[in-house]
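Engineer: First the structure, which I've put down as structure tokens, then a few questions once you've had a look.
The values are calculated or read from the model by the stated rules, or taken from the named source; none is laboratory data. Owing to the predicted nature of the structure, the values given are computational and were not obtained by experimental measurement. Cβ placement follows ideal geometry from the backbone for every residue including glycine, while neighbour counts extend to all protein chains displayed. These accessible areas exclude ligands, DNA and RNA; they are computed on the full protein's heavy atoms, side chains included. Shrake-Rupley method; radii C 1.70, N 1.55, O 1.52, S 1.80 Å.
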Amino acid sequence: MTGASGGLGSALACHYAAPGIHITLWGRNEDRLARTASLCEAKGATTSVRAFGLTDHDRALSLLGEADAARPLDLVILNAGVSDIRPEGAVTERVEAVWEAALVNYAIPVALATEAASFMAGRRRGRIALIGSVAAHHDLPFATAYCSSKAGLARFSTCLHAAMTPSDVGVTLIEPSYIDTAMSRRLDGARPFLVTPEDAARRIARAIGRGQAVLVFPAVFLLLKFVSALMPRRIAHRLLRMARVKQNAR
Ligand SMILES: NC(=O)c1ccc[n+]([C@@H]2O[C@H](COP(=O)([O-])OP(=O)(O)OC[C@H]3O[C@@H](n4cnc5c(N)ncnc54)[C@H](OP(=O)(O)O)[C@@H]3O)[C@@H](O)[C@H]2O)c1
């Protein structure tokens, strides 16, 4: 599990924690990782913790190989993500933030999912879940890197689902809207249809268990996806440009 030090990752790890289950927890913040580990252990699971930055992709791939060699992975959840929006008054987002989003939200999970899929296909068993976002459905002018990295991840996930079905490896794309974690709390404004991380974890685990290709939640965002797809782009863009979204410092 990547992003196990974050709000959703911690809730997902706790959801799966039970006697006989081993959970490998990845993240950067050592204190929050240790907290997730102790919550999982209190529920009877065993854990391995690795604190490192995913942008060290060689390390990420080699740690994935080590984890699979130690205990063949049944489920890989690629949950880590970063979000950022255009600074107030600026025309574009910051180049460093765009680069980070491309790596953490798209390139690294794509590489890790591909490696995990190759291990699992050899055993004809396993599941992979990728955490995208409903932001992938819209052309948000103030969050171009977040939307596009999650849109790329979404297409990758459904392609991988198509590729892996004959090998009995499940691939599930999760597209949530607002979850009450540090990421959404940074936004200065309303968070309609907010769900708790625990509720999100339950919905996600259910979709993974069913082998669902895509889960969008809450369902109202599925409706918004279709409305946005049907709306003439010129009108959608005009409306989206009117949105005033701000974020607080990390
Ligand atoms: N919260 C929402 O409203 C919302 C909505 C839609 C989708 N999502 C998606 O849900 C996922 C989980 O986000 P969250 O809400 O739980 O946010 P969060 O609490 O901010 O957690 C983000 C996680 O990603 C990890 N991460 C970020 N950059 C990393 C890097 N370079 N290397 C390694 N780990 C890194 C963080 O690690 P450290 O904290 O240890 O640095 C943290 O564990 C993300 O993919 C996000 O895009 C969230």
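Engineer: If you average the C-alpha positions of the range 91-150 and of the range 205-241 separately, how far apart do those two centres end up, in angstrom?
Structural biologist: Computed from Cα coordinates, the inter-centre distance equals 17 Å.
Engineer: To the nearest 10 square angstrom, how much accessible area does ASP68 have with a 1.4 angstrom probe?
Structural biologist: Ignoring ligands and nucleic acids, ASP68 comes out at about 20 Å².
Engineer: What's the percent breakdown of Cα-Cα distances in the range 7-247 across 5 Å bins, shortest bin first?
Structural biologist: 1, 6, 13, 17, 20, 18, 12, 7, 4, 2, 0
Engineer: Would you please give the FRET efficiency between LEU223 and ALA182, computed as 1/(1 + (r/R0)^6) with r the Cβ-Cβ distance and R0 = 25 Å, to the nearest 0.05?
Structural biologist: Working: r = 28 Å, r/R0 = 1.11.
Result of the calculation: an efficiency of 0.35.
Engineer: Still on this structure, I have one more. Go ahead and run the numbers for FRET between THR114 and ALA69, Cβ-Cβ distance against an R0 of 25 Å, rounding to 0.05.
Structural biologist: 0.90
Engineer: Rank ALA13, ILE174, ALA249 by how far each Cα sits towards the positive end of the charge dipole of the chain (+1 on Lys, Arg Cβ; -1 on Asp, Glu Cβ) and give me just the farthest.
Structural biologist: The one lying farthest along the dipole's positive direction is ILE174.
Engineer: Can you give the charge dipole size of the range 1-155 about its Cα centre, rounded to the nearest 20 debye, using +1 on the beta carbon of Lys and Arg and -1 on the beta carbon of Asp and Glu?
Structural biologist: Rounded to the nearest 20 debye, it is 580 debye.
Engineer: Same structure, new question: Hey, can you grab everything whose amide H is under 5 Å from the amide H of THR24? Only 5+ residues off in sequence or another chain; H modelled, so Pro and N-termini drop out.
Structural biologist: Here SER48 satisfy the definition.
Engineer: Same structure again: Sorted by accessible area (1.4 Å probe), largest first, how do VAL214, VAL95, VAL104 line up?
Structural biologist: If we order VAL214, VAL95, VAL104 from most to least accessible, we get VAL95, VAL214, VAL104.
Engineer: Looking at GLY81, VAL110, PHE217, which one has the Cα that reaches farthest to the positive end of the dipole of the range 7-247 (charges on Cβ: Lys, Arg +1; Asp, Glu -1)?
Structural biologist: So the residue we want is PHE217.
Engineer: Once label points are set 7 Å from the Cα along Cα→Cβ at both ASP139 and PHE52, what is their separation, rounded to one decimal in nm?
Structural biologist: Calculated label separation equals 4.0 nm.
Engineer: How do LEU223, LEU8 rank by accessible surface area computed with a 1.4 Å probe, from largest to smallest?
Structural biologist: On the way: LEU223 115, LEU8 15 Å².
Highest to lowest solvent-accessible surface, that is LEU223, LEU8.
Engineer: Still on this structure: Gain in length, LEU61 to ARG234, computed as 0.36 nm per residue apart minus the alpha-carbon separation, to one decimal in nm?
Structural biologist: Working: separation 173, 0.36 × 173 = 62.28 nm, distance 4.19 nm.
Extending this stretch completely gives an extra 58.1 nm.
Engineer: Label points 7 Å out from Cα along the Cβ direction at ALA243 and GLU41: separation in nm?
Structural biologist: Taking the simple label geometry, ALA243 and GLU41 are separated by 4.2 nm.
Engineer: Average projected area of the Cα convex hull of the range 54-164, in nm²?
Structural biologist: Orientation-averaged projected area of the Cα hull: 7.0 nm².
Engineer: Using modelled backbone amide H atoms (1.01 Å from N, in-plane), which distant-in-sequence or interchain residues come within less than 5 Å of PHE217's amide H?
Structural biologist: When sequence neighbours closer than 5 places are left aside, the close amide H contacts are GLU175, SER177.
Engineer: Show which lysines lie in cross-link reach of LYS225 when reach means a straight Cα distance below 17 angstrom and same-chain residues fewer than eight apart are skipped.
Structural biologist: LYS150
Engineer: With a cut-off of at most 16 other beta carbons within 10 Å, and DSSP calling the residue loop, which trypsin sites (Lys or Arg not before Pro) in the range 23-88 qualify? Please list them.
Structural biologist: Details: sites: ARG28, ARG32, ARG35, LYS43, ARG50, ARG59; in loops: ARG28, LYS43.
Loop-located and lightly packed - ARG28, LYS43.
Engineer: Run the numbers for ARG206 and ALA121: contour at 0.36 nm per residue of separation, minus the present Cα-Cα distance, in nm.
Structural biologist: 28.4 nm
Engineer: Moving on to the next point. Among VAL91, ALA69, GLY53, whose Cα lies farthest out toward the positive end of the dipole of the range 38-105, if unit charges sit on the beta carbon of Lys, Arg (+1) and Asp, Glu (-1)?
Structural biologist: Among VAL91, ALA69, GLY53, the one farthest towards the positive end of the dipole of the range 38-105 is ALA69.
Engineer: What are the ³J(HN,Hα) couplings of the range 66-75, residue after residue, when phi is run through the Karplus curve with 6.51, -1.76, 1.60 and θ = phi - 60°? Round to Hz, x for glycine and proline.
Structural biologist: Karplus values, whole Hz, x for Gly and Pro: 5, 4, 5, 5, 6, 8, x, 6, 8, 9.
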